Each structure stands twice: as structure tokens, then as C-alpha cells.
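Just so you know, all these numbers are worked out from the coordinates, no wet-lab data involved. Please read all numbers here as calculations on a predicted model, not as lab measurements. Quick reminder, even Gly has a Cβ in these numbers, built from the backbone with ideal geometry, and neighbours come from all protein chains shown.
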Amino acid sequence: MPKHIIILAVPGVQLLDVSGPLDVFAEANQQRGREVYKLSVMAVADPIVVSSSGARLLADLTLDDPLPDALDTFLVAGAPVLDSFISDEKLHENICRWSHHAQRFGSVCSGAMLLAAAGLINGRRVTTHWTVAERLHQEYPQVNVEADAIFIADAELRTAAGVTSGLDLALNMVEEDLGRETALDVAAQLVMFFKRPGGQLQFSRHGQASLSGRSALQDVQRWVLNTLDQPHNLQSLATHMGISTRHITRLFNQELNQSPAEWLEQQRVFHARQLLETGELAVKQIAAECGFSSVDILRRAFVRQLSVTPSQYQKHHSS
């Protein structure tokens, strides 16, 4: 009997959140030469779902439909705008009804916000799109958000990060169900990573240089960003502001929720990312331009911040 997989497409859904995982499961059917997976798209109410791009989906069923005898997986796809319906109690009840009936349930991208609103992921490890992760953490502090993860499997719960990571999640489920060889064949056919290197923050603009906090902090931030090639440290920042290292540490923690050293490394790595993307400088030159005393220190900072090395980042992000 095929494993029935349903993906809920909410109004304004990101089309790839739905089509990406479906194509992975469909390719698994092709590789096995039989219907391993039965695939369905679900709507909230109106079976015609207008996606964020304007393309329309014709759903196979709706949330109000009766539960099937068996359901393997129920996934909630994300949408750029959820605020207009995220507080709908009937929607929460129906998402709970289908999630509890499934062997596995979860979300793709910002769909995790709907799972949280329905009370389904309290105390659970989840991921979501990097732009939504902080909001999810702030509004639902009982949820353990891992912002850098591509996908997370936590018992019967499956969550994927932003958009294309839905393919990674689906491929992982194919590996769970059908084994490594079939998953490798699916990845090869779809020209995708079998295991994507690093986490999702390497694709984000997280850490992008910006001025924040009180004016004195903005002044020292501006000075550092204009002289990133210099050997800045906690003492040099404190000296520039004319205050003690203890005081500047307290200001950074209060205003930016991070230490001066953390902020400085974040800005150095972000600038290094920009230089790596152009492909115009050697890694040794980039290290010097960004104030790292050696390539090895640049590499360690990169791995700390993005879970990939500079060479891995440049390979997949250079122009």
C-alpha cells in the first residue's frame, strides 16, 4: 500500500514549498518503478489555491474533509504572509487533527509558525526559514528553534528551513523509507545535493553590517566597518569610545544582545563572504582585508558562523 503524503497549501503559499517535496517523492516512485508514495495537495477551504507567485494550485482535498484510514505524512507548507490567518482557531484545530492522525507531520519553511500557533511543537526541536526563526523564538519561547539547520527530524516531527530545503527534507524521508541508494538516485536525477554542506545561514544575509544601538555604539560600529582590515579587539573598541572594556561589553549586550567580540567576528565574516562571492581575491588576501591574522583563523570563524569553510562557501556562492 502506498505511503500517503499530504502537503497543506495555505493561501499565498510559496509554490516551491509544495512542488519541491512533491517532485522528490514523485522521483522516488520513478526510481522504484511503482507508486511508493501517493501524493496529495490539500487546501484550507477553497480547492483553488493562489500561490505567492500568482500561479494556481488545484487541491485534491481540504482540511475539512474526513480523515483517511491511513496517512503517512502531513506537511504544512509556508507562505510569505501568514498573519491574515495564523490566529484562526478552526485552522489550528484542523491542523492538529490531521497532524495527530499522521505517522509523521511537520512543516516546510514558515509553515512552522502554523504548527507553533496550533500548539503542536512545544518543547520540540524545529527549524524554519532564517528570516522567521527569531520571530518563532520570540512568540513561542517554548519551541526549541535551531535557526541554522537545513532540516530536523525529531521523533515523528519533520521541519525544513527555507523554501528549497523542503527538497532536502523530502530526500531525507526517502532515505528513511527506501534506503540510501534510492535517495542517491533521486538526488542525482534532480541534480541536487544528497547532503547539503553547512547550514542555511550561509545563504542568508544574517549578520549584514548595520548600525544599531545608541549613537555612541553606532559611532564605534561605523569606525570598525570602515577599518575592518585593522586588528580591532575589545580593548581598541573601548579605547575608541573612551570607556572601560567592562562598560562597552555591557553596552553591546544590552543594545545588540551580543558581545563586542561576537559582533566583530560577525562583521568580519560577512565582509569575507562578500569578497568570496566576487571571486576576485585569494583567500589569504581576503583574510587580511577582513582583519584576520591568518587564513586558519578566518577558516575557524567561518565554520563557527556558517558551518562551512571559506573554500566550500566560495565554491557554491561565487559569481
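Solvent-free Debye calculation, one equal scatterer per alpha-carbon of the chain: log10 I(q)/I(0) at 0.10, 0.14, 0.15 Å⁻¹ equals -0.67, -1.06, -1.14.
Considering only the other residues whose Cβ falls under 12 Å of the Cβ of residue 9, what net charge follows from Lys and Arg at +1 and Asp and Glu at -1? Could the numbers behind the result be given before it?
On the way: positive: 56; negative: 17, 46, 60.
My count for the surroundings of residue 9 gives -2.
Adding -39500 (n - 2.57) for every DSSP H run of four residues or longer, then dividing by how many residues the chain holds, sets the calculated 222 nm ellipticity at -14500 deg cm²/dmol. To the nearest 10 degrees, how steeply does helix 89-101 sit against the main Cα axis of the chain, on a 0 to 90 scale? So the inclination is approximately 70 degrees. Distances between every pair of Cα atoms in the range 136-188, grouped in 5 Å steps from 0 to the bin holding the largest one, split as 4, 19, 23, 22, 16, 7, 5, 4, 0 percent.
Shape of the range 1-137 from the C-alpha gyration tensor: rounded (a/c under 1.5, with a ≥ b ≥ c the square roots of its eigenvalues).
Helix 215-226 and the longest principal axis of the C-alpha atoms of the chain enclose an angle of approximately 90°.
Grouping the Cα pair distances of the range 44-102 into 10 Å bins from zero gives a pair-distance distribution of 19, 52, 28, 1 percent in increasing distance order. Summarised as an ellipsoid, the range 215-319 has semi-axes of 27, 13, 11 Å, derived from the eigenvalues of the Cα gyration tensor scaled by 5 and square-rooted, with the largest first. Using the alpha carbons alone, the radius of gyration of the range 79-152 stands to its Kirkwood radius in an Rg to Rh ratio of 0.93.
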